[in-house]
Amino acid sequence: MKNIFKLLAVTALAGLAAASCTKELNGTAEGNEATVSFSVTSPLIGTKAVIADGNTVDKVACYIYDEAGKHIAALDKVEGMNGGKATFSATLVTGKTYQFLFWAYKDGVTGYTVDAANKTLTVDYSNVSANDENRDAFYNYVASYEVTGDKTEEIKLKRPFAQINFGVTEAEWNAFKTAGGTIDKTGIKVSGAATKLDFTNGEASEPATAVIEFKANNIPDASKEALVIGTDS
């Protein structure tokens, strides 16, 4: 799949938080100052109980770059997020152009490494389980933004992963149970899953050389529904 990791992740929302910036960029205060705010939202799926609704995501990082793409590490900020929404604000220099990278994730979850300087994500599959919504995450990259004055912009986050759903109709499930069938956990094995993502263009690369096993894990709550938005192949 060209632009999507072949991960057993989940669909949903995520939000971005607020980051505050200094009054100088690379030691030089040029032009006037302006407050730029980004209203960041994830692809939240209404209020219906849906499998992988993205509500596990509770942190968001913002990385800022100068016009040449150089990471300004002093301006990095991580904020908490709630309900797939947050606002990032920065005091920047008018007349200057910047780049922004937003990365939303579940606090404490390992397996992801963000290389802010090179704008890439590396994924570790050494200890993964199926049906694990804690590994959900979202991002967006703004390649060029010129500061012209105080302004608020909207940023929509997107998921870098593929969600793999297996399901049956209610009639099939009832027939399975009537026949004495039981199931409480599921797992899956995947070949060729990418291990690296370029945030700037969404390209996934460096497929894993070994088959990846997503260990058997409890199936989702039966009261939730699986919502299929679309596919990318």
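The values are calculated or read from the model by the stated rules, or taken from the named source; none is laboratory data. Keep in mind it's a predicted model, so treat the numbers as computed, not measured. Methodologically, a virtual Cβ is constructed for each residue, glycine included, from the backbone with ideal geometry; neighbour enumeration extends over all protein chains shown. All accessible areas refer to the heavy atoms of the entire protein, side chains included, with ligands and DNA or RNA removed. Shrake-Rupley method; radii C 1.70, N 1.55, O 1.52, S 1.80 Å.
With the structure loaded, tell me whether Gly111 is at pLDDT 90 or above, in contact with a helix residue (DSSP H, G or I) (Cβ under 8 Å, 6 or more places away or on another chain) and not aliphatic (A, V, I, L, M) or whether it fails that test.
yes
Would you check if Lys119 is modelled with pLDDT of 95 or more and among the basic types (Lys, Arg)?
yes
What residue, of Val147, Val128, is over 20 Å from the mean Cα position of the chain (by Cα) and not polar (S, T, N, Q)?
Of the residues listed, the single one that is over 20 Å from the mean Cα position of the chain (by Cα) and not polar (S, T, N, Q) is Val147.
Filter the range 110-126 for residues that are open to solvent by less than 50 Å² (accessible area, probe 1.4 Å) and either within 18 Å of Ala68 (Cβ to Cβ) or assigned to a loop (DSSP other than H, G, I, E, B) (or both) and give the result.
Listed by number, the residues that qualify are Gly111, Ala116, Lys119, Thr120, Tyr125.
Condition first: assigned to a strand (DSSP E or B), over 18 Å from Asn131 (Cα atoms) and not hydroxyl-bearing (Ser, Thr, Tyr). Now tell me which residues in the range 192-220 satisfy that.
Passing the criteria: Ala194, Lys196, Leu197, Asp198, Glu203, Ala204, Glu206, Pro207.
Any idea which of (1) surrounded by fewer than 21 Cβ atoms within 10 Å (Cβ to Cβ); (2) hydrophobic (A, V, I, L, M, F, W, C); (3) more than 15 Å from the chain's Cα centre (by Cα); (4) assigned to a strand (DSSP E or B) is the one Leu92 doesn't satisfy?
Every condition holds for Leu92 apart from (1).
Go through the range 197-223 and give me each residue that's surrounded by fewer than 14 Cβ atoms within 10 Å (Cβ to Cβ) and of a type in the set (Val, Ile, Thr).
Matches in the range 197-223: Thr209, Val211.
Among the residues of the range 185-213, write down those that are β-branched (Val, Ile, Thr) and over 20 Å from the mean Cα position of the chain (by Cα).
Passing the criteria: Thr186, Ile188, Val190, Thr209, Val211, Ile212.
With the structure loaded, tell me whether Gly69 is open to solvent by less than 60 Å² (accessible area, probe 1.4 Å), in a loop (DSSP other than H, G, I, E, B) and over 29 Å from Glu206 (Cβ atoms) or whether it fails that test.
It is false that Gly69 is open to solvent by less than 60 Å² (accessible area, probe 1.4 Å), in a loop (DSSP other than H, G, I, E, B) and over 29 Å from Glu206 (Cβ atoms).
Please go through the range 127-164 and give me each residue that is buried (at least 18 other Cβ atoms within 10 Å of the Cβ), part of a loop (DSSP other than H, G, I, E, B) and of a type in the set (S, T, N, Q), ordered by number.
Within the range 127-164, Asn131, Gln163 meet the criteria.
Mind telling me which of the residues Phe100, Phe161, Phe138, Phe88 ends up being touching a Pro at 6+ places or on another chain (Cβ under 8 Å) and aromatic (Phe, Trp, Tyr)?
Phe138
Out of Ala179, Ala162, report the one residue that is on the phi < 0 side of the Ramachandran plot, small (Gly, Ala, Ser) and under 15 Å from the mean Cα position of the chain (by Cα).
Step by step, each of Ala179, Ala162 is checked, and only Ala162 is on the phi < 0 side of the Ramachandran plot, small (Gly, Ala, Ser) and under 15 Å from the mean Cα position of the chain (by Cα).
Looking only at the range 168-191, count how many residues are assigned to a loop (DSSP other than H, G, I, E, B), at pLDDT below 90 and surrounded by 11 or more Cβ atoms within 10 Å (Cβ to Cβ).
Residues flagged as assigned to a loop (DSSP other than H, G, I, E, B), at pLDDT below 90 and surrounded by 11 or more Cβ atoms within 10 Å (Cβ to Cβ) within the range 168-191 amount to 0.
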